[in-house]
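A short worksheet on the structure shown next.
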Amino acid sequence: MAEPSVQPHLTPQFCFSTIALRDFLRISRSAIDDSITQHLNALVTPSQSGFDPASTAVRIPRAPNRSIDPRACQAFKDKVLFPSWQARSDVITYCAYVATSPDPDDPEVGLREAETEKNRERVVDERLDPYSARYFPREPRTQQLANLLRQERGVENIVRSRTWGLVRERCGDSFQDAEEALNRWRAERERRST
């Protein structure tokens with residue numbers, strides 16, 4: 001069985017390092033969600049009768065939905081899928097908190113102030129250059145992080161929806177929504193820990 005994603009040590013520097021943040025999310029998604037079909041196929045109980053060479057004589061299309069033991073499916077979801085989703089959710093939530101907090105260590109604050117001051121001193125003659133009045137200040141890194149997290153939340157929702165569709169199809173799960181299943185797993189985990 002695959003290993004769940006390990007949550008990195010969460011610090012504001014981790015969040016502001018967009019390469020590290022994106023790498024964690026990308027690697028976690030590729031290890032679990034992008035290869036969900038292979039993980040589910042690994043849960044299928046092998047044939048009880050062994051290999052029959054005569055079975056290769058005629059090509060007979062097989063139904064893709066081979067039965068997966070419900071206990072194996074539940075164990076995969078409880079030990080691999082949901083912990084990976086939870087680790088990614090924790091990282092995104094923490095970084096969203098960092099993005100909405102004041103950033104006293106922003107290295108570009110002086111540069112932005114200088115650009116703003118330079119823009120105020122500029123003389124604009126829109127008859128000569130109609131585009132000269134435009135001014136696009138640099139975004140603070142907290143705003144850049146918030147934009148990145150907005151995109152990553154959208155990607156996460158798409159990935160979870162796709163993954164959950166395959167899990168429901170192969171495991172016959174009754175939950176209609178990935179978030180509903182994850183929330184139920186969280187509640188069950190909380191109940192066990194108390």
Problem - Residues of region 75-100 with amide N under 19 Å of a point placed 7 Å along Cα→Cβ from ALA2 - result: 75-92
Practice task
Quick one: go through region 159-176 and flag any residue whose amide nitrogen is under 16 Å from the point 7 Å out along the Cα-to-Cβ line of ASP69.
Solution key: 171
Practice task
Starting from the residue with the highest accessible area, list ARG71, ARG191 in decreasing order, probe 1.4 Å.
Solution key: ARG71, ARG191
Exercise for the section: On the full set of protein chains, 1.4 Å probe, figure out the accessible area of GLU152 and give it in Å² to the nearest 10. Expected result: 20
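The values are calculated or read from the model by the stated rules, or taken from the named source; none is laboratory data. Since the model is a prediction, treat every value here as computed from it, not as a measurement. Note that we place each Cβ from the backbone using ideal geometry, even for glycine, and neighbour counts take in every protein chain shown. With ligands, DNA and RNA removed, areas are computed over all heavy atoms of the protein, side chains included. Shrake-Rupley method; radii C 1.70, N 1.55, O 1.52, S 1.80 Å.
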